[in-house]
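Undergrad: One structure coming up, written as structure tokens, with questions to follow.
Please treat every number below as a calculation from the coordinates, not as lab data. Quick caveat: nothing in here was measured; it's all calculated off a predicted structure. All Cβ positions, glycine included, derive from the backbone under ideal geometry; neighbour counts span all protein chains shown.
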């Protein structure tokens, strides 16, 4: 039956939905499927994808770094969901976004637009003041830039997925902890859990700064980027994250499928009351859909299944997950105890092909039918 999963993944490679990918599935606490398919790189030469390939996780940064960091700060009593932005960003006092709370940003209901080309403004500053890119001054510039944005709706009334809100959350974590987001995640989350290959890759003076656990060669390249004039490998694909030095609340995290699954397992076990690392009640608060905002599918930093959903047709309403622009996804179903990690670099060598949007629900349905359905039939369910 696992052949159905393998065939679906191989077909996606053959149809060039992505050059290659890694799929990991855990079911009831055990590894039920793993496979690496196609190529990690197509240019300048072909390189095979392996289970150890490190991918640019893109917006999986939001739940696996920023949201998890906020969770830990709340659990540690150092932050509250009700805290307002201007309490940590005095420069936002009196600004439209200043009275939004941590909860609003996590719910994507603060009223901010989804995206702005912040990197273009930082690039202007870099030309005028070399060394500005990726500096603390760039982070402060980002806060002031976002603070000038008019809200597209009243805070708390609607939900609109926003990178800008998570940029603010990442910078808030740095102000609360006096650590970089990368260091706080590494020391408070990843190292205690024994996760080595889940990391930010900072860019200093335009150069990649990978740590000792990862080499540039182990990282799957993303786009042949016209703005930067080079093939991106070992540096974040997202332009705004790059302008902020590769460490940002909305993007910048890299990792292997195994590393992603390890942290996913902590969230699942927290939900099920099997974790000493995460408080169960708080986990369930974070992953529950916001019932107060009309039309929202969002919990706190986590999405939940809607129809149609990238998670397919079968995952329970209690499921939670997230997607990444580069071709990554994570879905967790606590009812079935199913975890699915799909990592790809579908933006290599160009972002133009978006057929992964149709493939994601298909592969989740195949996984569910093959692994959960087969077990249920065997058990007489």
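Undergrad: Report the label-to-label distance for residue 379 and residue 34 in nanometres (one decimal), using points 7 Å from each Cα along the Cα→Cβ vector.
TA: Label-label distance for residue 379 and residue 34, simple model: 2.4 nm.
Undergrad: Let me ask something else. Note down the nm distance, to one decimal, between modelled labels 7 Å out along Cα→Cβ at residue 144 and at residue 187.
TA: 2.9
Undergrad: Right, next: Need one number: nm distance between label points at residue 369 and residue 52, each 7 Å from Cα along Cα→Cβ, rounded to one decimal.
TA: Calculated label separation equals 3.6 nm.
Undergrad: So, one more: The chain: percent of C-alpha pairs farther apart than 26 Å?
TA: Of all Cα-Cα pairs in the chain, 49 percent lie more than 26 Å apart.
Undergrad: Please find the FRET efficiency linking residue 272 to residue 228, where r is the Cβ-Cβ separation and R0 is fixed at 30 Å, and quote it to the nearest 0.05. Working shown, then result.
TA: Values: r = 43 Å, r/R0 = 1.44.
The computed FRET efficiency comes out at 0.10.
Undergrad: Taking a ≥ b ≥ c as the square roots of the Cα gyration tensor eigenvalues, with a/c under 1.5 meaning rounded and otherwise prolate when a/b beats b/c, else oblate, which class fits region 98-181?
TA: oblate
Undergrad: Taking the inverse of the average 1/r across all pairs of different Cα atoms in region 178-337, what Kirkwood radius in Å do you get?
TA: Values: mean 1/r = 0.0580 Å⁻¹.
Computed over Cα pairs of region 178-337, the Kirkwood hydrodynamic radius comes out at 17.3 Å.
Undergrad: While we're on this one: Can you run the Rg to Rh ratio on region 209-258? Use alpha carbon positions and the Kirkwood inverse-distance Rh. Could you put the intermediate results ahead of the total?
TA: On the way: Rg = 11.0 Å, Rh = 11.6 Å.
That ratio is 0.95, to two decimals.
Undergrad: In what sequence do 154, 311, 291, 275 fall when counting other Cβ within 10 Å, fewest first? Before the final figure, lay out the partial values.
TA: Details: 154 10, 311 27, 291 7, 275 16.
Listing 154, 311, 291, 275 from fewest to most nearby Cβ atoms yields 291, 154, 275, 311.
Undergrad: Neighbouring Cβ atoms within 10 Å as the yardstick, rank 179, 286 fewest first.
TA: Ascending number of Cβ neighbours within 10 Å: 179, 286.
Undergrad: Taking the chain as a Gaussian network, where each spring joins two C-alpha atoms under 10 Å apart, which residue of 190, 368, 153 fluctuates the most?
TA: 153
Undergrad: Rounded to the nearest 500, what is the chain's calculated 222 nm mean residue ellipticity when only DSSP H runs of at least 4 contribute -39500 (n - 2.57) each, over all residues?
TA: -8500 deg cm²/dmol
Undergrad: Build a GNM of the chain with springs between Cα atoms under 10 Å: which of 69, 257, 336 gets the top mean-square fluctuation?
TA: Of 69, 257, 336, the Gaussian network model singles out 336 as fluctuating most.
Undergrad: While we're on this one: When the chain is modelled as a GNM with alpha-carbon springs shorter than 10 Å, which of 140, 95, 78 fluctuates the most?
TA: Maximum among the listed residues: 78.
Undergrad: Listing 9, 261 from the residue with the fewest other Cβ atoms within 10 Å to the one with the most, what is the order?
TA: Going from least to most buried by this count: 261, 9.
Undergrad: With equal scatterers on the alpha carbons only and no solvent term, can you work out the Debye log10 of I(q)/I(0) for region 304-361 at 0.22 1/Å?
TA: -0.82
Undergrad: Take residue 358, project a point 7 Å from its Cα along the Cβ direction, then tell me which residues of region 1-29 have their backbone nitrogen under 15 Å from it.
TA: Those under the cut-off are 11-18.
Undergrad: Still on this structure, please answer the following. Between residue 335 and residue 124, take the C-beta separation as r, use R0 = 56 Å, and let me know the FRET efficiency to the nearest 0.05.
TA: Working from the Cβ atoms, E equals 0.65.
Undergrad: Tell me the volume per residue, in Å³, of the convex hull enclosing the alpha carbons of region 244-381.
TA: Dividing the Cα hull volume of region 244-381 by its residue count gives 150 Å³.
Undergrad: Follow-up question, since we're still on this one. With a/c under 1.5 counting as rounded, go ahead and sort region 19-128 into rounded, prolate or oblate using the C-alpha gyration tensor (a ≥ b ≥ c being the square roots of the eigenvalues; past the cut-off, prolate if a/b is larger than b/c, else oblate).
TA: Note, shape of region 19-128 comes out oblate.
Undergrad: FRET efficiency for residue 176 and residue 3, Cβ-Cβ distance as r, R0 = 45 Å, nearest 0.05?
TA: Rounded to the nearest 0.05, the efficiency is 0.35.
Undergrad: Hey, another quick one. Starting from the Cα-Cα distance between residue 294 and residue 91, subtract it from 0.36 nm times their residue separation and give me the gain in nm to one decimal.
TA: Fully extending the segment from residue 294 to residue 91 adds 70.0 nm.
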